[in-house]
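Report on one structure; see the data block that follows.
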Amino acid sequence: MSARKPENAPATGEGKNPIQVIERMMKLLDVLAHHPDPVPLKQLALETGLHPSTAHRILGAMTQSGFVERSDAGVYRLGIRLLELGSLVKSRISLRETAMPAMLKLHAATGESVNLGIRAGDEIVYVERTSSGRSSVRVVHIVGARAPLHTTATGKLFLVEDGSEKLRDYARRTGLPASTPASITTLPLLEKELDKVRRHAVAFDLDEVEAGVRCIAAGIRDDSGELIAGLSLSTPSERFNPDWAPLVRDTADEISKTMGYIKR
């Protein structure tokens with residue numbers, strides 16, 4: 001790889017252009033990815049065209065976050081955090097691709113919107129959706145939308161999985177804020193709700209995220225048995241049919257089976 005003229009970047013101005021810092025981080029990652037063996041700072045600076053002091057500061061920040069590892073010998077290599085993120089991206093892509101045929105089948109059977117949600121901290125993030133096209137009613141479950149765990153059908157599945165101690169921590173941490181007047185905002189009521197979810201392996205959101213919208217959700221598990229997502233059917237309240245719950249649960253089980261989960 002040919003060397004480029006080093007970029008002289010004084011420390012006083014480095015933090016003023018975040019885009020430039022990100023570009024320099026990417027240069028360093030690209031060079032590290034190109035080399036199978038750990039790379040010394042001098043070589044990294046030479047191949048990226050960065051001033052050694054600039055490369056050292058950026059590598060220090062990347063080392064703290066786990067994107068880069070530095071050995072005692074002062075050489076650098078890609079960090080384990082990249083592996084973790086790569087595995088996460090891979091699992092989500094696989095999940096979406098695996099789930100879509102079953103989602104489309106559920107959509108065809110009900111004519112309603114079908115959502116795929118995953119947990120991100122104290123929220124559910126919707127990563128896939130089939131739209132019903134039957135109503136102008138706005139539904140919150142669009143791709144990329146987020147909603148609190150305790151107000152969503154899918155989120156309740158994850159709270160059940162957490163167990164009582166983590167549930168109490170979640171309640172203290174978030175304060176169980178309301179999204180609508182129907183939202184559950186006290187721990188005793190939430191515990192009662194989650195007991196139903198635990199017994200029936202299906203969860204409901206009855207106008208709790210958005211007034212006029214109701215959902216039914218069931219969990220999707222991977223080959224290790226871990227709950228990795230929730231499949232939910234969302235409808236305007238006037239079309240809500242709780243009798244669809246077994247169909248949603250069966251569809252989620254079908255996706256879980258495709259993901260390698262064996263029910264015991």
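The values are calculated or read from the model by the stated rules, or taken from the named source; none is laboratory data. The model shown is predicted, which means the values in this text are computed figures rather than measured ones. FYI the Cβ positions are ideal-geometry reconstructions off the backbone, even for glycines, and counts take in every protein chain you see. Note: accessible area is taken over every heavy atom of the protein model, side chains too, but ligands, DNA and RNA are not part of it. Shrake-Rupley method; radii C 1.70, N 1.55, O 1.52, S 1.80 Å.
Can you name every one of the helices (runs of 4 or more DSSP H) wholly within region 151-254 that holds 1 or more residues which are open to solvent by less than 10 Å² (accessible area, probe 1.4 Å), in contact with a strand residue (DSSP E or B) (Cβ under 8 Å, 6 or more places away or on another chain) and not hydrophobic (A, V, I, L, M, F, W, C)?
Filter on region 151-254 gives 153-162.
Does GLU97 qualify as being surrounded by 15 or more Cβ atoms within 10 Å (Cβ to Cβ), more than 15 Å from the chain's Cα centre (by Cα), acidic (Asp, Glu) and at pLDDT below 95?
Here the answer is no, as GLU97 does not meet what is asked.
Being in contact (Cβ under 8 Å) with a residue 12 or more places away in the chain and within 16 Å of the chain's Cα centre (by Cα) is the filter here; which residues of region 216-231 pass it?
Scanning region 216-231 gives GLY219, ILE220, ARG221, ASP222, LEU227, ILE228, ALA229, GLY230, LEU231.
Look at GLY117 and say whether it is surrounded by 15 or more Cβ atoms within 10 Å (Cβ to Cβ) and touching a strand residue (DSSP E or B) at 6+ places or on another chain (Cβ under 9 Å).
Working: surrounded by 15 or more Cβ atoms within 10 Å (Cβ to Cβ): yes; touching a strand residue (DSSP E or B) at 6+ places or on another chain (Cβ under 9 Å): yes.
Yes.
Could you grab me the full set of residues in region 61-102 that are closer than 23 Å to THR251 by Cα and of a type in the set (D, E, K, R)?
Within region 61-102, LYS90, ARG92, ARG96, GLU97 qualify.
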